[in-house]
Amino acid sequence: MLTGITASDGIAIAKAYIYKSEAIIISDHRIENVEKELIKLDHAIYETESKLKDLKNETAKKIDEESSLIFDAHIQILLDPQFIAEVKSLISDSKYNASYAYNEVSVKYISMFNQIDDEYLKARTADLKDVSSRVLRNLLGLASNDLSHINEPVILLAEDLTPSDTAQLNMDYVKGIATIMGSRTSHSAIMARSLELPAILGIKGLMKEVNHGDTLIMDSSSGGLIVNPNQETFLFYQNKLMTEEREREELLKLKHQKAVTACGKDVELFANIGSLEDLEGVKKYGGDGIGLFRTEFIFMEHKDFPTEEEQFIIYKQVLDRMDNKTVVIRTLDIGGDKHLPYLKMDEELNPFLGHRAIRLCLEKQEMFKTQLRALLRASIYGKLKIMFPMIATVAEFRAAKNLFNEVKEELLESDYKVSSDIEVGIMVEIPAAALAADVLAKEVDFFSIGTNDLIQYTFAADRMNEKVSYLYQPFNPSLLKLIKMVIDASHKEGKWTGMCGEMAGDILAIPLLLGLGLDEFSMSASGLLRAKRMISQITITEAKKLVNQCFDYESNEAVIALVKGHKFS
Ligand code: PEP
Ligand code: MG
């Protein structure tokens, strides 16, 4: 089995289609007629721009509006004045032909991006390569790559896939994608997820092991690609695929149903998002609201700090599109494993224990206040709730809340409208906050438990370190006790508690969390329907009984065995 990075979950069975683009060969011959070469360049840029505009429209129709925005980014790269000026000066001053000059400048920028130690920026080199290859093909009169002619079911294999390749795929025939290059944050990976197309990227020996026309099985949830399977394996996966398709159809029937327990209690089932593009999935799977908008992803996609206006437009759009349903927006959570290329941060020995999230925002007050202004201005367009990440002490919450109040007053004085009932809460992801939940509950409007971090801090096990991943123990009674403390403390003060860490979407954890009284569950949109089905299979009395039993056990495994052994109705 060949393995790689899972970019988008699912099973696919089809023949291999190996996609190779025609090589671009560039000669370095000098020219005499500078004027003619400059016109040639302008023409190629113009042609490329109109093709990119077409691709944008096609993508908006075929996938969605958000996915099509990548082509705006490509047009921006294409028309970058600095880039064009550098190419033109190589033509005018050094008398290089247009394709050589264009390639030189593009290679320079690609290697510059590659040297930056930032996964996101590295992934953007794919966009630059995509644009350059279009311009060069136009300059050299080469046929453009065309994937739209594929007319039988295939799993597409390529060295790398550009966003424009992905946009051209005929979804009736392409069942999966496998590449040698690529990362989870590359735009092709993001688009594959929006298209719900199984995808595995970064498979090292891909082209050596697979021939055009081989039968392939892709099971991307295990990150694996099987080449020319035997009859037994083929039948196994064919069955698995059919079961998955039937399950998906069954689950989709639940889309319009409310999340209700077997005893009739309504449960709020929300989604986590990182961009406007993720709203498609929330609509598709019927999320009751947004329980976590990780705003740092907006900041990570910008070349510089997004302005108040830019942020306002995004927050307003989320609220607008969620039609007055609850939208919990988390303020900037940068640091740890999340960095901004334009924000210089000191080297730290323990970045996850360092100057991150609210700690950073309380220091960089202008940056924080700009975000709060944008959020407060957007608040009149829906039901906005704001939460602060990584709160460890009551003093931190008060400091952040004071800035919130200050910004609110400033806006009102400047005649902006601000909603009068914005709830302000915190993420509980540090054990100290869980232990102080009784004190915090008197001041906050709500809690949202971030188990991804709460588990790493409770067990002192770095969530990025595979060697200690066995300590990711959501079912360990130690963690369940902390969760119980938080929920009980909030209820005592008449407040509510949600959960937006991965644990909230874990099918086995849901009964326990219901038993503990969790009010809101927030997870990735694709997990909503499965969670809804689990909720419908349990009564609150049953869930309470089950969770109380857990406290008699001593390990993660024992609690998992207990839940697995329980017969749900
Ligand atoms: C968490 O820590 O559980 C959480 C939801 O935040 P993030 O995963 O963004 O750190
Ligand atoms: Mg967190």
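Of all the criteria given as (1) under 24 Å from GLY505 (Cα atoms); (2) open to solvent by 20 Å² or more (accessible area, probe 1.4 Å); (3) within 16 Å of ligand 2 (Cβ to nearest atom); (4) part of a loop (DSSP other than H, G, I, E, B), the one not satisfied by ILE391 is (2). Would you point out which residue out of LYS532, LYS564 is open to solvent by less than 40 Å² (accessible area, probe 1.4 Å), in contact (Cβ under 8 Å) with a residue 40 or more places away in the chain and of a type in the set (Lys, Arg)? The unique qualifying residue is LYS532. Look at (1) within 12 Å of ligand 1 (Cβ to nearest atom); (2) on the phi > 0 side of the Ramachandran plot and you find that ALA460 fails only one, number (1).
Taking the condition modelled with pLDDT under 95, of a type in the set (Lys, Arg), open to solvent by 30 Å² or more (accessible area, probe 1.4 Å) and in the same structural domain as ASP421 (by TED's automatic domain parsing), does LYS344 pass? For LYS344, the condition - modelled with pLDDT under 95, of a type in the set (Lys, Arg), open to solvent by 30 Å² or more (accessible area, probe 1.4 Å) and in the same structural domain as ASP421 (by TED's automatic domain parsing) - is met.
Here the condition is being crowded, with 21+ Cβ neighbours inside 10 Å and under 27 Å from the mean Cα position of the chain (by Cα); of VAL174, VAL135, it holds for VAL174 alone. You will find that of ASP445, ASP488, the residue that is more than 13 Å from ligand 2 (Cβ to nearest atom) and more than 27 Å from ILE334 (Cβ to Cβ) is ASP488 and no other.
One residue alone among LEU235, LEU252 is more than 25 Å from ALA178 (Cα to Cα), open to solvent by 40 Å² or more (accessible area, probe 1.4 Å) and away from ligand 2 (no atom under 16 Å from the Cβ), and that residue is LEU252. When residues of region 292-342 are filtered for being farther than 20 Å from PHE397 by Cβ, within 16 Å of ligand 1 (Cβ to nearest atom) and among the hydrophobic types (A, V, I, L, M, F, W, C), how many remain? Residues that pass the stated criteria total 6. Filter region 441-457 for residues that are more than 15 Å from ligand 1 (Cβ to nearest atom) and among the charged types (D, E, K, R); which is nearest to SER524 (Cα to Cα)? Out of the qualifying residues, it is ASP445.
Matching residues to (1) over 23 Å from GLY289 (Cβ atoms); (2) within 14 Å of ligand 1 (Cβ to nearest atom); (3) touching a Pro at 6+ places or on another chain (Cβ under 7 Å); (4) not in a helix (DSSP H, G or I):
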| position | (1), (2), (3), (4) |
| --- | --- |
| LEU349 | yes, no, no, yes |
| GLN371 | no, no, no, no |
| SER379 | no, no, no, no |
| MET387 | no, yes, no, yes |
| ALA400 | no, no, no, no |
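Name the residue, out of SER221, SER188, that is of a type in the set (Gly, Ala, Ser), in contact (Cβ under 8 Å) with a residue 60 or more places away in the chain and open to solvent by 60 Å² or more (accessible area, probe 1.4 Å). Sole residue among the options that is of a type in the set (Gly, Ala, Ser), in contact (Cβ under 8 Å) with a residue 60 or more places away in the chain and open to solvent by 60 Å² or more (accessible area, probe 1.4 Å): SER221. Only residues that are away from ligand 2 (no atom under 15 Å from the Cβ), assigned to a loop (DSSP other than H, G, I, E, B) and open to solvent by 10 Å² or more (accessible area, probe 1.4 Å) were counted in region 322-338, giving 3. Every listed requirement among (1) in contact (Cβ under 8 Å) with a residue 24 or more places away in the chain; (2) over 30 Å from THR539 (Cα atoms); (3) more than 16 Å from ligand 2 (Cβ to nearest atom) is met by GLU363 save one, (1).
Condition test on ARG321, is it closer than 18 Å to MET499 by Cβ and at pLDDT 95 or above? No, not satisfied.
The values are calculated or read from the model by the stated rules, or taken from the named source; none is laboratory data. Everything quoted here is computed from the prediction, not taken from an experiment. FYI the Cβ positions are ideal-geometry reconstructions off the backbone, even for glycines, and counts take in every protein chain you see. For the accessible areas, the whole protein counts, side chains as well, though only heavy atoms, and no ligand, DNA or RNA atoms are used. Shrake-Rupley method; radii C 1.70, N 1.55, O 1.52, S 1.80 Å.
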